[in-house]
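Below is one structure, written out as structure tokens; comments come after it.
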Amino acid sequence: MPKITLPDGSSRQYDAPTTAAQVAADIGPGLAKAALGAKVDGQLCDLSTKLDRDCALALITPKSRDGQVDADALSMLRHSCAHIMAEAIQTLFPGTMLVYGPSLESGFYYDMAFPSGRIPSTDDFAAIESEMAKIIGENRPFTRSDLSLDDGLAKLNKEGSKFKIDNAQRAKEAGSSTLSWYATGTSGVNWEDLCRGPHVPSTGRIGAFKITSLASSYWKGDETLDRLTRVYGTAFATKPELEAHLKQLDEAKKRDHRMLGKQLRLFHIDEMVGQGLVLWTPRGAAIRQELQTFISEALRIQGYQQVFTPHIGKLDLYKTSGHFPFYRESQYPPIIDQDQMSKLAEEGCTCGELANRLDKGEIEGYLLKPMNCPHHIRIYASEPHSYRDLPVRLCEFGTVYRWEQSGEIGGLTRVRGFTQDDAHLFVREDQIAEELQGCLSLVKLIFGTLGMNDYRVRVGLRDPKSDKYVGDSANWDKAEEACRNAARSLGVPFSEEAGEAAFYGPKIDFIVRDVIGRSWQLGTVQVDYNLPIRFDLSYIGADNKEHRPVMIHRAPFGSMERFVGVLIEHFAGAFPLWLAPEQVRVLPISEKSEEYAQEVLAAIRKIGLRATIDSGNERVQARIRDASEAKIPYLAVVGPRDAQQRVVSVRAFGTDANLGELPFDQFIAGLSAEYRTRGGESLKASFHA
RNA sequence: GCCACCGUAGCUCAGUGGUAGAGCACACCCUUGGUAAGGGUGAGGUCGAGGGUUCAAUCCCCUUCGGUGGCUCCA
């Protein structure tokens, strides 16, 4: 006699076992029609799920009562759509083996293997979509059937798909006592797929869908296993929602830093120079320079000392640090001097031998530096230190080079040469907590000043199952605890993730998303007991004995390249005054005002702003439009009237009309204040007074 | 590195087995115009590179370089 409790607290008593669908129908025909699934005691399941005992039931509809899209409904819809796509592809591509087809935050995919070698291409999307439309048009029910583990496995073994057998094995290991199949239609008649569900009631419930892209993947994400084809798609309850989604993607594309970087001439990546090697053009360089100045001011306040170090170092240095052995696959190969090179050539040394002898240290070589820490460590080690001197905080905008995989490189976010706003703090153990606070405050300062609130914090810990970490576990425990405590003090939610530590220590990472939804690590703070040991660093303590310092590695921006890339997207290319590559543009109405315009320009430049004049042979309207497309914060329009009254007409980016006129001196003072305070004060405020 | 797709003027993109077009940008001329495109004229491309098929290749095939979306990796 199940008693069904609904989300509003009311309950319904049934004399016999019933289903979620039946309850929905009893509540009302509207709900019955809208319901896609159900949550029974918090567990998402089919509408057809049998309810034979007391439970809490929530019916899942595409939109909740407040009109919000229901994430569970969308997820069910998409997973069901993945099945429909799989059926369509198996129909069109006989022999296709299915692997795994989950829903995603913005769609779904299905991993498949094509033993025949005939793999669908983007040209096949239309055919697949029309096959899917057919299945949806037939509005066939999703029908679940359960088999015992043994029977189920026997069925799968007969079918012979190692992928599905593996899925079943994993279900078994996860404690499942049965295996379930979902048919689109009638079990045993229509197409079916091993799946734990749940699904929407019928294929017709997919309101709108689209196959979006094709990619390859590895079985279980392991590159040594089968290579699979992954077909991506998305689905919504209604067409307008799909269209809105596609439009949103389109809008996001316009913020893409690669697009804006080209349009606004912020940087250039040249195939003649090399993949992933960024050329900072004047406009982008201005942004980067402003960021560096900004953080440098904060660093001086915190007692950092600036250093400069070369771009290469001896191989031995990086063997000692561990970088060369740990990351040899992702480094530019060592540089060997001419004499050694010719000697090796005479000996007939092969590439294989060369690599071997480099490893063994028989050949001297230099490495393009993959990290700044070894150089900073050698600066620390170059003189004795007293406990009174600590912490020693050495900072440098240090450029490093890494041989990233070619397929991973793109824009500014993943490159082969980049500059870290790096620093290494050599501290006593009792100073760790306080110094970590200082590091985190820098990251907060940056995010706060730039208005970037959409980030997450990850504490990267070692993976207990891996042996890639150096040092003893007691120190690791201390370092991890220090990171955890520091992260807690941030007052922001954070996740602890095993396996995300660096090989020498745990870290706190700040992660943001780009317009396409990809996550990127920006700022990072790392606690390291191990490099000081590897380099035998010391300081003299109050007891007149040698002690081991602890290192903190930190880069609040992370990589200047990546940070600027993300920043371009954050501001959609419309930078605030202090960061804008071109801060003010002066527009003389005509040649008659040229002289006054030049005077205005000179005054703006004199207070240190980046300004230009556009005396082009165009009407003001056209020049305003050009400036607007270049996203220049302020325009100073000057004509004979302004010259006579010694005022400027001000126009700001993002406002439709001109703000009005300001006396020359007030304009200059307002600009200067907004610039110096990095937006704390605004020239625009002058117009509200 | 792997899979798929893409590469035509500075940029965005049409196009075709018979060696190419548009818009914007650029140059020059006219226009001296008060807040998101004034008008005209012109210049600009060995169709990413190399090889092959063909009487003929920008177009078809192979290789290579570069880009995009994923996968894997990321100190």
Report task. Name every residue in region A:281-330 that is of a type in the set (Phe, Trp, Tyr) and within 29 Å of A:Arg258 (Cα to Cα), in order of residue number. Result -> A:Phe294, A:Tyr327
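Go through region A:116-201 and tell me which strands (runs of 3 or more DSSP E), entirely inside it, have 1 or more residues that are hydroxyl-bearing (Ser, Thr, Tyr) and in contact with a Ser or Thr (Cβ under 9 Å, 6 or more places away or on another chain). Explain how you work it out, then say what you get.
Numbers: elements: A:142-148, A:178-184, A:192-194.
Counting at least 1 such residues, we get A:142-148, A:178-184.
Given region A:1-94, what helices (runs of 4 or more DSSP H) lie entirely inside it while holding 3 or more residues that are buried (at least 19 other Cβ atoms within 10 Å of the Cβ) and modelled with pLDDT of 90 or more? Lay out the reasoning, then the answer.
Details: elements: A:20-27, A:29-34, A:71-92.
Those helices (runs of 4 or more DSSP H) span A:71-92.
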Query raised in the report: Condition test on A:Gly233, is it in contact with a Cys (Cβ under 9 Å, 6 or more places away or on another chain), modelled with pLDDT under 95 and either surrounded by 16 or more Cβ atoms within 10 Å (Cβ to Cβ) or among the β-branched types (Val, Ile, Thr) (or both)?
Result: yes
**Report entry** Hits in region A:642-676 (condition: loosely packed, with under 15 Cβ neighbours inside 10 Å and β-branched (Val, Ile, Thr))
**Finding:** A:Thr655
Query raised in the report: Using beta carbons and a limit of 8 Å, which pairs, at least six apart or on different chains, have the first residue in region A:601-620 and at positive phi and the second one more than 16 Å from RNA strand B (Cβ to nearest atom)?
Result: A:Gly608/A:Ser672; A:Gly608/A:Tyr675
Query raised in the report: Does A:Arg288 satisfy the criteria of being farther than 30 Å from A:Lys63 by Cβ, buried (at least 19 other Cβ atoms within 10 Å of the Cβ) and either among the aromatic types (Phe, Trp, Tyr) or within 29 Å of the chain's Cα centre (by Cα) (or both)?
Result: yes
Requested in this report: Give region A:573-622 a look and list any residue that's in contact with a Lys or Arg (Cβ under 6 Å, 6 or more places away or on another chain), away from RNA strand B (no atom under 16 Å from the Cβ) and part of a loop (DSSP other than H, G, I, E, B), or say none.
Outcome: A:Trp578, A:Pro581, A:Gln583
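In the list A:Val470, A:Val525, which residue meets the criterion of being of a type in the set (Val, Ile, Thr), more than 25 Å from the chain's Cα centre (by Cα) and not in a helix (DSSP H, G or I)? It would help to see each step written out before you state the result.
Details: A:Val525 fails: more than 25 Å from the chain's Cα centre (by Cα).
Just a single option satisfies the conditions, and that option is A:Val470.
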Report task. Tell me which residues, restricted to region A:402-447, are within 16 Å of RNA strand B (Cβ to nearest atom), under 17 Å from A:Met551 (Cβ atoms) and among the hydrophobic types (A, V, I, L, M, F, W, C). Result -> A:Ala423, A:Leu425, A:Cys439
Query raised in the report: How many residues does region A:237-253 hold that are within 13 Å of RNA strand B (Cβ to nearest atom), exposed (fewer than 13 other Cβ atoms within 10 Å of the Cβ) and in contact (Cβ under 8 Å) with a residue 24 or more places away in the chain?
Result: 1
Query raised in the report: Going through region A:623-643 one residue at a time, which ones are near RNA strand B (Cβ under 6 Å from one of its atoms), assigned to a helix (DSSP H, G or I) and either in contact with a Gly (Cβ under 6 Å, 6 or more places away or on another chain) or of a type in the set (A, V, I, L, M, F, W, C) (or both)?
Result: A:Ile624
Requested in this report: Consider only pairs whose beta carbons are under 6 Å apart and that are at least six residues apart or on different chains; among these, list those whose first residue lies in region A:329-343 and is in contact (Cβ under 8 Å) with a residue 12 or more places away in the chain and whose second residue is part of a helix (DSSP H, G or I) and more than 9 Å from RNA strand B (Cβ to nearest atom).
Outcome: A:Pro334/A:Leu315; A:Pro334/A:Leu358
Report task. Within region A:266-282, track down each residue that is touching a residue at least 24 places away in the same chain (Cβ under 8 Å) and surrounded by fewer than 19 Cβ atoms within 10 Å (Cβ to Cβ). Result -> A:Gly274, A:Gln275, A:Leu277, A:Pro282
Report task. Read through the list (1) closer than 30 Å to A:Glu223 by Cα; (2) surrounded by fewer than 18 Cβ atoms within 10 Å (Cβ to Cβ), then give the number of the only condition that A:Met371 fails. Result -> (2)
Query raised in the report: Wholly within region A:245-336, which helices (runs of 4 or more DSSP H) include no fewer than the required count, namely at least 3 residues that are more than 28 Å from A:Ile568 (Cα to Cα)?
Result: A:315-321, A:323-326
**Report entry** Cβ pairs under 9 Å, 6+ apart, first in region A:214-236 and of a type in the set (Ser, Thr, Tyr), second loosely packed, with under 10 Cβ neighbours inside 10 Å
**Finding:** A:Tyr218/A:Thr224
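Going by what's in this entry, would A:Phe563 be described as farther than 30 Å from A:Phe667 by Cβ and in contact (Cβ under 8 Å) with a residue 40 or more places away in the chain? Steps first, answer last, please.
Values: farther than 30 Å from A:Phe667 by Cβ: yes; in contact (Cβ under 8 Å) with a residue 40 or more places away in the chain: yes.
Spelling it out, A:Phe563 is indeed farther than 30 Å from A:Phe667 by Cβ and in contact (Cβ under 8 Å) with a residue 40 or more places away in the chain.
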Requested in this report: Scan region A:299-322 and report the pairs whose first residue is on the phi > 0 side of the Ramachandran plot and touching a residue at least 40 places away in the same chain (Cβ under 8 Å) and whose second residue is surrounded by fewer than 18 Cβ atoms within 10 Å (Cβ to Cβ) and part of a helix (DSSP H, G or I), with Cβ atoms within less than 9 Å and a gap of 6+ or a chain change.
Outcome: A:Gly322/A:Arg534
Requested in this report: Would you mind telling me which numbered condition in (1) assigned to a helix (DSSP H, G or I); (2) crowded, with 23+ Cβ neighbours inside 10 Å; (3) not β-branched (Val, Ile, Thr) A:His553 fails?
Outcome: (1)
Report summary line: In the set A:Ile301, A:Ile312, A:Ile295, the lone residue that is within 24 Å of the chain's Cα centre (by Cα), modelled with pLDDT of 95 or more and not charged (D, E, K, R) is A:Ile295
Query raised in the report: So which residues in region A:168-183 are under 13 Å from A:Gly197 (Cβ atoms) and touching a strand residue (DSSP E or B) at 6+ places or on another chain (Cβ under 8 Å), if there are any at all?
Result: A:Ala171, A:Thr178, A:Leu179, A:Ser180, A:Trp181, A:Tyr182, A:Ala183
**Report entry** Number of the exception - A:Phe426 against (1) touching a His at 6+ places or on another chain (Cβ under 8 Å); (2) surrounded by fewer than 23 Cβ atoms within 10 Å (Cβ to Cβ); (3) not aliphatic (A, V, I, L, M)
**Finding:** (2)
Report summary line: Expected single match for farther than 27 Å from A:Leu567 by Cβ and more than 34 Å from the chain's Cα centre (by Cα) among A:Arg585, A:Arg646 is A:Arg646
Report task. Could you list, in sequence order, all residues of region A:499-546 that are small (Gly, Ala, Ser), within 10 Å of RNA strand B (Cβ to nearest atom) and within 17 Å of A:Met452 (Cβ to Cβ)? Result -> A:Gly517, A:Ser519
Requested in this report: Taking A:Arg388 as meeting all but one of (1) among the charged types (D, E, K, R); (2) touching a residue at least 24 places away in the same chain (Cβ under 8 Å); (3) closer than 30 Å to A:His547 by Cβ, write down the number of the exception.
Outcome: (2)
Report summary line: Selection over region A:379-401 where residues are more than 16 Å from RNA strand B (Cβ to nearest atom) and under 19 Å from A:Tyr366 (Cβ atoms) yields a count of 1
Requested in this report: Please enumerate the residues belonging to region A:501-537 that are at negative phi and acidic (Asp, Glu).
Outcome: A:Asp509, A:Asp514, A:Asp528
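The values are calculated or read from the model by the stated rules, or taken from the named source; none is laboratory data. Since this is a predicted model, take the numbers as computed values, not measurements. FYI the Cβ positions are ideal-geometry reconstructions off the backbone, even for glycines, and counts take in every protein chain you see.
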